[in-house]
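Everything on this sheet refers to the single structure shown next.
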Amino acid sequence: MMLALIPGHAKAHQSLRSVIEGMPDRLFDSAEYFVFTVLPKLLVIVLFSWILIWALTLFTDRIIRVSERHAAASTRVSQARTLASVLRATGIGIICFLGVLQLLPVLGFNLGPLLTSAGVAGVAIGLASQTIVKDCLNGMLVLLEDQYNVGDVIKVAGFSGQVESMTLRKTTLRDGDGTLYIIPNSQITTVANQTRDWSVATVSVAVDFSANPDEVLKVLTEVAQGVYQDEAYKDAFLAEPTLLGVDSIKGSQVLYPIILKTKANQQWGPQRELQRRVRIALMDHGMLPGDPNRVFNVAGPTNTQGAHLTHDHQPPPDPTANKPHEVNPFTGEGL
């Protein structure tokens, strides 16, 4: 009322009043515009992006199922899983990026200045994200050169385990104790693939020096052939077990290596079964296990069959271990 009485303020008061009275209409118009114009566009973009991600996931899962059904070798299945994993991760990233670019104009953001500023900032971001670029490039090389696949047991960057998943940026390993390692691909310089095409397990059987090597080899051959012909393990072998003979002698321990060549990552079952049967066979034939720290037996007189009789060899006493002679300085008597 006081402003209305002041000259020059009546017109301003009338304008302010009209603005306040018109605000509900503007708010209603904005809400109506958002509900009937903006919101449907947002829902269409989100729904379309979700359909693309669902179709991509369905496609990659079908690749894995078809490879498992028709692939002749397990390596092909591993390659299909690796390719599906990379396609899924890369495709989802591209779909989400394009979806965000479609959402911003609907929400009122002008992409022109945004893309211009992004181009300028991209140089700085590119310099700061060189490691990510290296990760992706190295991941592409690993995939193209087929260095390893999902399911392989590998050793990279000082860690070993089974490959659970792989993308262009990182490789995920699961160790034997359940530890999960996430390794950026840029840190992978040397790959040790322990399950490519086939695997080899070497079982070194230690037998005492007193056992006849010919008898030992005969027993080990029977045990190895028994595991090879066992129906539970026969399909895992690619070749018959190989005995290399006497590999080394350490003290009273004589080593007899047995080599098992199996399909990729299937050597563990036959290896454990072979060791179990070797333990039983040595006990049944009265053969002692080798021990490099066991006291030696030296050759003595021979018996009627020409075999050497042995007796325990006692090492000579150590003179430094004798207690020195001590004299009591007060009485002169020995202690």
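The values are calculated or read from the model by the stated rules, or taken from the named source; none is laboratory data. Source: prediction; values computed, not measured. FYI the Cβ positions are ideal-geometry reconstructions off the backbone, even for glycines, and counts take in every protein chain you see. Side chains included, ligands, DNA and RNA excluded: accessible areas come from the protein's heavy atoms. Shrake-Rupley method; radii C 1.70, N 1.55, O 1.52, S 1.80 Å.
Worth a mention:
- Segment 138-282: C-alpha gyration tensor shape, a/c 1.5 cut-off, then a/b vs b/c: prolate
- Pair Ser210, Val106: separation of 7 Å Cα→Cβ label points (nm): 8.6
- Solvent exposure of segment 247-288 as accessible area per residue, Å², 1.4 Å probe: 54
- Estimated from the Cβ-Cβ distance and a Förster radius of 45 angstrom, the FRET efficiency linking Ile182 and Phe48 is about 0.90.
- Counting only protein heavy atoms and a probe of 1.4 Å, the accessible surface of segment 132-226 is 54% carbon and sulfur.
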